[in-house]
Every structure is written in C-alpha cells, then in structure tokens.
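Every number here is computed from the coordinates shown, using simple stated rules; none is lab data. Just so it is clear, the structure is predicted and the values come from calculations on it, not from any experiment. All Cβ positions, even for glycine, are placed from backbone atoms using ideal geometry, and neighbour counts span all protein chains on display.
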Amino acid sequence: MRLAVSPQNTSTVVSRPLLKWAGGKTQLLGEILPKIPNKYGRFIEPFFGGGAVFFAVRPVNGIIADSNPELINMYRSVAADVDAVITQLHHYKNTEEVFYAVRALDVSRLSNIEAAARTIFLNRTCFNGLYRVNKSGQFNVPFGKYKKPKIIDEEALRSASEILKKTTIICGDYKTVLQENAKAGDFIFIDPPYLPVSEYADFKRYTKEQFYEEDHIELAEEVQRLHELGCYVVLTNSNHPLVHEHYQKFSIKVVQTKRYISCNPKRRTGEDVIVTVPPKQRFNLRLVPAPLPQQAIKYPSTRYMGSKNKLLSEIWAVTSQFEFETALDLFSGSGVVSYMFKSHGKAVVSNDYMAMSATFAKAMIENNQITLSQDEALSLLEPKNTIDHFVETKFQGLYFSDDDNRLIDILRFNIKAIKNPYKQAIAMSALIRACLKKRPRGIFTYVGHRYNDGRKDLLISFRNQFLEAVNVINAAVFDNGKKNRARNGDAMTLQNRESSLVYIDPPYYSPLSDNEYVRRYHFVEGLARDWKDIEIQEHTLTKKFKSYPTPFSSRKGATEAFDILFKRFQKNVLVVSYSSNSQPTLDEMVAIMAKHKNHVEVVPIDYKYSIGNQKNKIGNNKNSVQEYIFVGY
C-alpha cells in the first residue's frame, strides 16, 4: 500500500470549532488525535457537526460532509466570504425577542450569507447549542438565556475560513460521500448519532432524519468496506453492547465523558467508545521477488550463519508494501538486511548483541562517507608499537599459522590507535572478514584445518585477504541521505520508534539445531571486543569464552522473548524471519503475534541453508526447509 505524507496544514494558527455542538469531540481530542496515523491520503469526515477533530488537525485538501443543508451552507459561506458573515452577525443581539424573530425566519428566503449568520447566532444563543427541528423541518430549540454568549468569534471564524477554503465541503448522505470519495490510504473520522444509552441520545440529532439501530448496522458494514478498501478509520459512539458486537475484531477503547445537556445531574457523566480500524493490508502471498538496487549487491559476501543474503528480494517484496521511513533491525547479524534497507533509502537502526555485527554496521550502515585509503590499510600491516602477542600465544596452533597470528596482533594494536571511529570500524571489519575467509567453513568450533576443501580463499595470504577486505568494504560505503545508526546491545532495550518497521531475525531455537553464534564465532567476536569483559574457558580445546545469555536458547525462553518483543513493538509493523524447523511452531508464533497485532500474515518461502545445521544433516549441505516471513500490522 502506498500512502502519501499526511497533508496537514503547517500553519501555526490554532483553529477551534465555530459552533457549540452537542456531542462534540473537543473533550476527546486527547484520546482521538494520537490514533490518527502520521501519514495518510485525504482526511474525510462524513458526520461533520461541529468538526472539533477536523479543526484540531487542520488537514489540507480534506473532505467534510453532513446531511444538514443549513450546517453545510454555514461552512461554505465562511469559506467563501467570512467578512460578510461577520458583518451580518453584527446585526444580531442576545435578546429573547431577537432570538425568536431570527428563529422564525424562512431560511429558504435568505441569502447564503444571511442563512450562515443565522445558523451561528442561533447556535450560540439557544439552549446548550442543540440542533433540533420539528416535523416541518423548522428549528425549535428554545432561547438559552445566557448573559454574554460569544456570538462573534472573529479569530475562530477567520482561522476556520483559511482551512475551509482548502477543503471540499459536501452536503449529502455519509454512504454516498464515502463510496464516491474514499480511497486506500485515506483517514476517515466517523462520529455518527450515538446508539441510545440514556436520555442524552434523544438530543443528539444533527440532521432531519433520526439514526436508528438498523442505520448503525449499515454503518458497521460500511466501516468493514473501508477496512477492506485499505482506509484508516476512527469511529466514536456510546458504550453500547451493539457497538462492541459490530466492531469486536477491531480495537475498542472505553473512555469517560461528560454530558453537558442532560437535565438530570446524575446523568452528566457517561462512557464513549473509540474504535480504531486499521487498513487491511493486502499481500501477494505468491511473492515475486522484488529487484534489488545495484547498491545492495555491493555488500561484502559472507558465510555468516543465518545470513538472509539469499532472501533479500523476498524480504523487500513484503516490507515494501508498507510505508515507513525507518527500519529497526533488531538482530542484524551479518548486516545484509540493514544494508538492503539502507540501499532503498530508509533510515536504519541496526542492532545486535554481538560486537562483530555492530562493527560491520558501524562501518557500512551508520557510516555514510568515510573510507580507509590503501596507504592507511598498508600502514596497518606494519609493526609500529610493542604488541602483546596475545593471539600468537593464546591461540597458537589452533586456527592460523604463527605468522598469521603475529600479523593479527599487529593489526589489532594498530587498529586500536585509529582515531576516526568509522575508519577503525572498517579496519576491524576487514580483519574479521580476513579471519573468516582464511578459516575453512568460516567458523571456530574446531581446531586445525580438517575441513580444508581447497577453496581459493584458503590459498590467498592473510595480508592480501585483509587488503581485499578493505577494498570491498570501502566500495560498500555510500550516503543514502539518512541518519543511520549502529547499536551493540540487547534488542529488548532498544528504544521504540512508532513510525518504524521492525525487522526481527533472532537466533532460531530447535532441539536439532545449533544457534550458538558465540560458539561459532568466538575468535572474531573476541577480536571485535579485544577480549575485554569476557572470560576465556581455558579448559576448552578451542579456547572459547562463555556464550552471552540469550532467551532464544530454549523453547520457553524463545516463546517468552517473542511475546515481550511483540508487545514492546505492538504499534509498529512487525516482520519476522523464521524457519519451519524452529520452535515455537508456526501456529504458536501466529498466536503470540495475534495477541498484539490485529492482523497476522505468514508468507512461506522454500529455502536451503548453505551450511547444514541440523545434527542429522551436518556435512551433507541438504538442509532444505521452509522459511517463513511473519507479518503483523
């Protein structure tokens, strides 16, 4: 779905309703306004009345409508010639004699300006600002006996005129207005005559027709149509059982309100409901992979466990159906998805609990323009200071030759001396990539070279691997015009940005699979951290360090973690990459997400891991599964 930026007026002028309106929504603005989306097509309000929400939002190019011709004439006249309306209002005085004389006027014999001024005068001076007519269609609300009613509010009239000039004003039935004008992406505020729950409802008649129970059933059907069409809808009504029945599948909030027109003081409080109806998202479940920008292809290749490099087109085909400016990548891993979002012009927050992943993101996601020159890269290969020989001694004979270990120590010390954080991140990313390239299978769960398959990468010197890595990382640096961020931290503590799309690709838990990222990459993770604040397990053959605590190491922990994440980001669009061999199961994942999102879609994709990770398949690389993309909105 493509949505335009919400066309709100950027003027600093504050508008307020022109009329006192029984059931007006001024007192509920604090509840209603936060439910309006940040972006939408057109603002449409088909039961306009006093228009408190419209005047608070001040949308440009909006559509307002009502079936009351006198009301619509007033708004059209204020838009067309507000000075003339103000001049006419100066003819009226707040006396009972004048009130009943003006009330008795035949509207059909008045000019539009005279009729508009009459509407405002009667509204400001009658009892409680009611609009009520008799069987002949004549206004019959009595004089209000107010001492100093504000009949002429020039500031409000001129401010209203400014925005009404940019608005389509229609006199007509709400269904006709919506069926002829509403389009996917529009925001529609619906404030119909309420279902009766007290004597208050008897006064809430804004038109010459009453609104019966069958009318509310038809209205609910129209709201469903708007939902299917792809519109955003916010609807208000009384806290009546039928409202809950009609809109049970949508979000319903009960709010306390004051009733200003009840004759009985005990009934001057009540309960309204606010129904929030999101647009129904339409997915093409048979995804046609979306082409990637050329820039996305420049991200350095990796054999990183769980990398989504082969699924980027499918992920973009799903996520591109939503309008969003910022992507939160909670478990960035190799960084390839974050980079894909950046290539599509999105602002990206790339987060991971692994320092090596955050280093990649620092170098190529957050960094928009800094590169490491060839001369700078060459100088890092030369010993300049006394080094600690940590890798050379601690990991002797385990993963690399003595010469390579010595070079790693030289690079470590020289990289730490780099002052520019982005150049430092590029250099460390290049060192990590060189280590992965020079390691059979790119992992550190075993010692020696028993998986040596004669790949070209294993024959290239460590020095040249490092220099080549600098080149490919430099080539990946580009400015997408957005402020991007790399974060090394717990996804559970990442600050929420409600307008963002949240992408979640956590470690997959399965009794048959290995999701221990630290165990696989402890050596390069140690490089990224310079082995600070970690304790090497000296008794282990691989000299690994203890894995970071993660809830995704057990079925129960993963279930609870998903529930917490989905709740934390329940106001965001959620996109989750998942595997068919993982737990919680498909149905369980849908149930967890459905607790926090109105709509959940599952997009299945046939997939084959490049490296088998199930115990009964390790070594044969035939780990075919279905990859799922869960979407919650």
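Summary table below
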read-out	value
Anchor residue 456: aspartates and glutamates whose Cα lies under 15 Å away (excluding residues fewer than 8 positions away in-chain)	468
Positive-end extreme of charge dipole, region 371-477 - chosen from 411, 381, 469 (charges on Cβ)	469
Unit charges at the beta carbon, dipole of the chain: most positive-side option, 78, 355, 559	355
Calculated over region 26-277: convex hull of Cα atoms, volume per residue (Å³)	129 Å³
Per principal axis, descending, Cα span of region 77-164 in whole Å	34, 30, 20
Helix-only mean residue ellipticity at 222 nm for the chain, each DSSP H run of n ≥ 4 adding -39500 (n - 2.57), per residue, nearest 500	-10000 deg cm²/dmol
For region 52-106, the Rg and Dmax computed from alpha carbons only, in angstrom	14.4, 41
Ratio Rg/Rh, restricted to region 371-477 and using Cα atoms, in which Rh is the Kirkwood radius	0.96
Contour minus Cα-Cα distance for residue 127 and residue 320 (0.36 nm per residue)	64.1 nm
Dipole magnitude (debye, nearest 20) for the chain, charges at Cβ of Lys, Arg, Asp, Glu	800 debye
Proximal lysines relative to residue 150, as straight alpha-carbon distance under 21 Å, when same-chain residues fewer than 8 apart are discounted	20, 25, 93
Pairs of alpha carbons in the chain whose separation is greater than 42 Å (percent)	42 percent
Top positive-direction residue, dipole computed over region 26-277 with Cβ charges, set 144, 54, 115	144
In degrees, nearest ten, helix 555-568 long axis to first principal axis of the chain (Cα)	40 degrees
Candidate lysines - alpha carbon under 25 Å from residue 532, same-chain residues fewer than 8 apart omitted	362, 384, 394, 416, 419, 423, 437, 438, 543, 544, 546
